[in-house]
Amino acid sequence: MTTANLPLNQSNWTVSDSSILYGLNLWGDNYFSINKKGHINVNPKRNKGSSLDLFHLVKELEDRNLKLPLLIRFDDILEDRLTRLHKAFEEAINQYKYTGHYQGVFPVKCNQHRHVVEELMTCGSRWNFGLEAGSKAELLIALSLINNPKALLICNGYKDQRYIETTILARQLGRQPIVVIEQEAEIDRIITASREIGSAPLIGIRAKLSSRSSGRWGSSIGEQAKFGLSIPEILTTIERLRNADLLNDLRLLHFHIGSQINDIAILKDALQEAGQIYIELNRLGAPMGYLDVGGGLGIDYDGSQTATEASTNYSLQNYANDVVATVQECCKSNNVEVPTLVSESGRAIASHFSILVFNILDTSVVPAHIPPVKQEESLIVRNLRETLEYIQKIPIGSNINSSKLQEAWNDAIKFKDDALNAFRLGYLGLPERAIAEQLTWASAKALVERLPQCEIIPEELKILRSALARTYYANLSVFRSAPDTWAIDQLFPIMPIHRLDEKPNQLGHFADLTCDSDGKLAKFINNGQTKSLLELHDLKPNERYMIGMFLGGAYQEVMGNFHNLFGTTNSVHLRLTSEGTYRLDHVVRGNTKSDVLQAMEHKPELLLERLRIATEEAIQHNKLKIEDAQRLMDHLETSLRQSTYLR
Ligand SMILES: *Cc1c(COP(=O)(O)O)cnc(C)c1O
C-alpha cells in the first residue's frame, strides 16, 4: 500500500489533472468524464449520444425530496453493457467463422431488483437473453420474468425434488429451463421427478475443473470446489442417465471458475479442459449442444489492465475471442459440431450502471492552529515554539535539504514527549499540554508544506502526511451500500463528483455513520496498487461536498445489511432522452425508520405508546411541560416516517 501524493503544482489545475489523479481516464471506460464546470458527466452511450451532468442531476433529484445517499441507476448504461457483450461475441464469431452462436444469461444473484431484471429482459429480448437462477426464490423470478420461449433459464444451486419438478413443468409451459446437476444426489431426484410427471427436464452437468483460478474467488474451482461433479462422478452420471433413458436430455456442460477472473491465462486453461469434457460427453452419446462458460468476466475497477485484484489483464473482446477460439479449436480437431456458447456474466453487465452518491457531513480537524504566546510559558512549550519558528523560517520556494526537516521533527517529537511526561508527573497542566499538542501539529503541518522541495523524502516524514490526513464523515453505511469493501476488501473507484476544476488540498479517508470502527472507506484504487488516503477538497461553508462510488451495481445491494439499523437508500432508474434531458422511470424510496424497526420485529406504534405513557408520568410529576412532551412525541412520530440517514 502506498500513501497518496498530493499534487505539487498549486496553480492552473485543470479537470484533466483530476481525471488523471482519480484514474477516471483509466476506469471510466468513456461512460464517465469531467465537464468544464468540474462536474462528472455521465455518457451512457460512451462517445455517442447525449450526456448528463451528475452534480446537477443530484441537485434536481434532491429538489424532488430524493435526499442523499442516493443510488442512481442509468438504464442506458445497463443496455450498453449488454449490447457490448453481445457485440463482442458477434465479432469473435465472425472473426473465427464459428458456426454456432452465442446466447447469454444474467445470473439473478448479481442484482435481483425487479426493475433491473425486467430491464435486462426487455433490452435482451433481441438476443434471446435469458436468466440464471441459483436458488428457489431466484427460480421464481426467472420463471416469471422470462417470457421469450427462446431464452434459456439455467438452473443452478442446490435442488430438491420440488425445484426439479418445477423445471420439468416449466418446460411444458414452453420455457427452456436447464437443470444443471451440481451434486450426485440430484440425479436420483431428476430420475424420480421425471418418472412421476412422465416427462423429463433439459439437463446440464456442472464440471469441477482442476484448472485453478487465482485471486479472491479462486477457491470456487479445483477439486475442493463447493459445486460441480468430478470426472469420475460425471462418468457415473452419464451411465445413470442412460439407464434411466434420460441421456437424450443431457444438453449442456457448465463450469464457473469464480468471479472476477483477473488473468486470462486461467480462463484459457479452464476452457481447454471444459472443451475436452464436452467432446467426451458427446462421444458417450449425449446430444449436448450448449457449453456454458459461467461467470467470471472481470471489471477493470482501477483501469490498470493488470492481473491484480481490482483489475483484469484482458478486455471484453479478448474474453469473447478466447472463448470462441478455444472451443472452436477443440471441436474442430475432434470433428464435433460446435456448441451454442452460453455465458453467465453478472459483474460485467451490472457494475457500471449504478452510481452511489453520498454527502460529507463534516471532517475531523487536526488541532494545528498556533496558540497565542502567554506570559511565563514553560520551557517545554517555549522549546516547541522555537522548533516551529525554525521550520517556518525555511523558505518554501527553495531547494531544501531533508535532513534539516528531519532534525526539526526529531526535536518536536522529543519536546512533545517531554510535555507528556511532565503532564503525567503533574508538572504541566491541561491547558499547557493542549498548547504543546497544537504546536507539535503546527510543526508537522509546516514541515509537510516544505516536503515537496526536498529531493529525497525520508519515510518517517512521508508518514507525517497521513498523520495530518482528515477523516471525512460520510452520510452512508458501508455495511448497507458497499459491503464488499468491508467483507472482502474490494476496491471501487471513489471520487468527488464536483469541484474537479479545483486542486484537492487534503488527504483523507471516509468514516461512515455506523458506530462500528470497521465502518470506513480507507483503501482506494491506485493504478494496480492501493492507497490508504484519497485526495479531497476542503469543505466550504454552506456548500455540500458530494462523493460518488462507481462500478458498484453488482452484488452490493443484496449483500448490504441493517447494521446499526441503516436501511436502504433512495434509488432511481433513469433514461436519457434524445433532447439531452432525462426521464425518471422508477423511484424507489429508501427504508424509513419504521421499516427497519419492523424488520427487527419491533412495533413502532407500541414503541411510541410506551414513550407516550412515560411522558404522561413525567407530566404528572412536573418534570415535563405538556407542550414539551408533545414536541418530543412529534419528533419521534415524524422521525419514524423518515429515512434512516441524516438530512
Ligand atoms: C455468481 C455466479 C455467476 C456470476 O459471476 P460474475 O463473476 O458476476 O459474472 C455466474 N454463474 C454462477 C454459477 C455463479 O455462481
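Share of antiparallel DSSP beta bridges in the chain, in percent to the nearest 5?
50
Assigning unit charges at the beta carbon (Lys, Arg +1; Asp, Glu -1) and nothing else, what dipole magnitude in debye, to the nearest 20, does the range 379-466 show about its Cα centre?
Approximately 160 debye in magnitude.
Add +1 for every Lys or Arg and -1 for every Asp or Glu among the other residues with Cβ under 12 Å from the Cβ of A185, and state the total.
Every neighbour counted, the sum reads -3.
Compute the long axis of helix 161-172 from its Cα atoms, compare it with the longest principal axis of the Cα atoms of the chain, and write down the angle in degrees, 0 to 90, nearest 10.
Value to nearest ten degrees: 60.
Compute the Cα gyration tensor for the range 490-586, then decide on rounded, prolate or oblate, letting a ≥ b ≥ c be the square roots of its eigenvalues: rounded whenever a/c is under 1.5, prolate when a/b is larger than b/c in the other cases, and oblate in all that remain.
Cα axes put the range 490-586 in the oblate bin.
Setting aside same-chain residues fewer than 8 positions from K625, which aspartates and glutamates have a Cα under 19 Å from its Cα?
Hits, sequence-local ones excluded: E609, E616, E617, D634, E637.
Label E196 and T122 with points 7 Å out from Cα along Cα→Cβ: what is the distance between them in nm?
Going from the E196 label point to the T122 one covers 3.8 nm.
Could you check the simple spin-label distance between K97 and S50, using points 7 Å along Cα→Cβ, in nm with one decimal?
4.6
Under a Cβ-Cβ cut-off of 15 Å, what is the net charge of the residues other than N243 that fall near it, where Lys and Arg count +1 and Asp and Glu count -1?
Net charge around N243: -2.
Please compute the contact order of the chain in relative form: average sequence separation of alpha-carbon pairs under 8 Å and at least six residues apart, divided by the residue count, as a percent.
Computed over the chain, the figure is 17 percent.
Cross-link candidates for K226: which aspartates and glutamates have Cα within less than 20 Å, leaving aside residues fewer than 8 places away along the same chain?
Filter leaves E132, E138, D160, E182, E184, E186, D188, D269, E273, D292, E344.
Using r as the Cβ-Cβ distance of E460 and N542, and R0 as 35 Å, what FRET efficiency do you calculate, to the nearest 0.05?
0.35
Using packing as a proxy for protection, rank 40-50, 25-35 so that the peptide with the highest average count of other Cβ atoms within 10 Å comes first.
Result, highest mean first: 25-35, 40-50.
Of K136/K593; K48/K462; K45/K67; K268/K462, which ones are farther than 32 Å apart at the Cα?
Long pairs (Cα-Cα over 32 Å): K48/K462; K268/K462.
Which value, in debye to the nearest 20, describes the size of the charge dipole of the chain about its Cα centre when Lys and Arg Cβ atoms bear +1, Asp and Glu Cβ atoms bear -1, and nothing else is charged?
Computed about the Cα centre, the dipole is about 680 debye.
Whole number in Å², please: accessible area per residue of the range 96-345, 1.4 Å probe, ligands, DNA and RNA not counted.
It amounts to 39 Å² per residue over the range 96-345.
Across the range 577-589, in residue order, what do the Karplus-derived ³J(HN,Hα) couplings come to in whole Hz, using 6.51 cos²θ - 1.76 cosθ + 1.60 with θ = phi - 60° and x for Gly and Pro?
Per residue, the Karplus-derived 3J(HN,Hα) values read 9, 5, 7, x, 9, 9, 10, 7, 7, 9, 10, 10, 5 Hz.
Using only the alpha-carbon atoms, how far is helix 430-450 inclined from the longest principal axis of the chain? Give it as 0 to 90 degrees, nearest 10.
60
What are the ³J(HN,Hα) values, in whole Hz, obtained from phi via the Karplus relation 6.51 cos²θ - 1.76 cosθ + 1.60 with θ = phi - 60°, for each residue of the range 383-395 in sequence order, with x given for Gly and Pro?
These are the phi-based 3J(HN,Hα) values: 4, 5, 4, 5, 4, 4, 4, 4, 5, 4, 6, 6, x Hz.
Tell me which aspartates and glutamates have Cα within less than 13 Å of K59's Cα, excluding those fewer than 8 residues away on the same chain?
Filter leaves E543.
Tell me the net charge near R450. Cut-off is 11 Å between Cβ atoms, R450 excluded, with +1 for each Lys or Arg and -1 for each Asp or Glu.
+2
What distance in nm separates the simple spin-label points at N65 and D516, each placed 7 Å from Cα in the Cβ direction?
Rounded to a tenth, the inter-label distance reads 3.1 nm.
Filter the cross-link list K503/K523; K374/K416; K208/K523; K159/K208 down to pairs whose alpha-carbon distance in this structure exceeds 27 Å.
Where the Cα-Cα span goes over 27 Å, the pairs concerned are K208/K523.
The values are calculated or read from the model by the stated rules, or taken from the named source; none is laboratory data. The structure displayed is predicted, hence computed values, not measured ones. Using ideal geometry, Cβ is built from the backbone for each residue, glycine included, and neighbour counts are taken over all protein chains shown. Areas reflect the complete protein model, heavy atoms only, side chains present, ligands, DNA and RNA absent. Shrake-Rupley method; radii C 1.70, N 1.55, O 1.52, S 1.80 Å.
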